[in-house]
Amino acid sequence: MRCKALLRHAFFWSLGLFVGLSPMAFAEAVSPQEQIQIHASRATSSLMLLRGEGFQKTHQQRLEADLAALAGAMQSLPQGSAELTSAHQALVTQLRNGVSYGPGDENVPWRFPEDLSRALRDFLSTARALPGAEGQSELAAKVEYLSVQYLSRSYLGTFEIAREQPGTYLGQDERLLLPAIDSELQALKDQSDPQVTKLQTRWSYLRAALADMNSQSNTLQSVSGRPFAPITVDRHARSMTAQWMAMF
């Protein structure tokens, strides 16, 4: 009888613990494959911010931190590939090239924005092809990828998405990615969870700016006609994805 009582007590204690946890605690964790995608997009955004804001020391330091984070995430992968290593080296080379040209545009090759976007797309595509990447939400990766698109339009010109992959986030811009992220956030089970509320509040600010990006136009002008706000978008995107990853 004592054994049954102990088992019953353990069962109800476990049930109470289960109920008390945030619903996000049972969501699928951000995979190592997605983490390297997030760090790659962040590093690319940091280079654009560095160049676009006049080579400030803080932006240079952040780029170096992002590159180190990407290298660390690469080393932590349970299974890499020679193709991924090559794509990583190609991306880092383009990012380093972007620094080496120095401030201003006079020394920047006219093909650099195209080469940079291709290097990022190739890396992200290779990362998504790794084993174990299937079935992930990729929400954080999508947000950071949209941030790259926004900063590119703000500082470099248009960003060439992977049009040959329209079924993945790599081949999509805000016209498809914003509704997809909306749906995923709205599907969170406990809308009263403070973490969920905070996440959705961050997204509401970020979404408004991303929706104004006007990717369908080659004029590099926002839908509203207002100036782009790359620093604000960058800050909200990074804060949101950091919170998302911390919730697991």
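The values are calculated or read from the model by the stated rules, or taken from the named source; none is laboratory data. Worth saying up front: this structure is predicted, and the values here are computed from it rather than measured. Don't worry about glycine lacking a Cβ; one is built from the backbone with ideal geometry, like all the others, and counts go over all protein chains shown. Accessible surface areas use protein heavy atoms only, side chains included; no ligands, DNA or RNA. Shrake-Rupley method; radii C 1.70, N 1.55, O 1.52, S 1.80 Å.
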Open item on the list: Out of Leu188, Leu206, I need the residue that is more than 26 Å from Ser125 (Cβ to Cβ), in contact (Cβ under 8 Å) with a residue 60 or more places away in the chain and surrounded by 15 or more Cβ atoms within 10 Å (Cβ to Cβ). Which one?
Closed with: Leu188
Open item on the list: I need the full set of residues from segment 65-78 which are in a helix (DSSP H, G or I) and loosely packed, with under 12 Cβ neighbours inside 10 Å, in order please.
Closed with: Gln75
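To keep it simple, each residue is scored yes or no on (1) farther than 15 Å from Ser46 by Cα; (2) touching a His at 6+ places or on another chain (Cβ under 8 Å); (3) not aliphatic (A, V, I, L, M).
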site	(1), (2), (3)
Arg96	no, no, yes
Pro103	no, no, yes
Pro113	no, no, yes
Ser117	no, no, yes
Thr126	yes, no, yes
Ala129	yes, no, no
Task: Of all residues in segment 153-167 being more than 22 Å from Thr232 (Cβ to Cβ) and surrounded by 14 or more Cβ atoms within 10 Å (Cβ to Cβ), the one that is modelled with the lowest pLDDT - done: Glu160
Open item on the list: Quick check on my filter: what residues within segment 112-144 are crowded, with 16+ Cβ neighbours inside 10 Å and at positive phi?
Closed with: Glu138
Task: Selected residue (criterion: farthest from Glu174 (Cα to Cα)) from residues of segment 205-221 that are of a type in the set (Gly, Ala, Ser) and at pLDDT below 95 - done: Ser217
Task: Complete set of residues in segment 225-248 that are open to solvent by less than 60 Å² (accessible area, probe 1.4 Å), at pLDDT 95 or above and more than 14 Å from the chain's Cα centre (by Cα) - done: Phe228, Ala229, Pro230, Thr232
Open item on the list: With the structure loaded, tell me whether Thr44 is among the polar types (S, T, N, Q) and buried (at least 20 other Cβ atoms within 10 Å of the Cβ) or whether it fails that test.
Closed with: yes
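To keep it simple, each residue is scored yes or no on (1) at pLDDT 90 or above; (2) not in a helix (DSSP H, G or I).
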| site | (1), (2) |
| --- | --- |
| Cys3 | no, no |
| Arg8 | no, no |
| Met24 | no, no |
| Ser45 | yes, no |
| Leu49 | yes, no |
| Leu63 | yes, no |
| Gly80 | no, yes |
| Glu83 | yes, no |
Open item on the list: Looking only at segment 165-188, count every residue that is touching a helix residue (DSSP H, G or I) at 6+ places or on another chain (Cβ under 7 Å) and farther than 15 Å from Leu139 by Cβ and tell me the total.
Closed with: 2
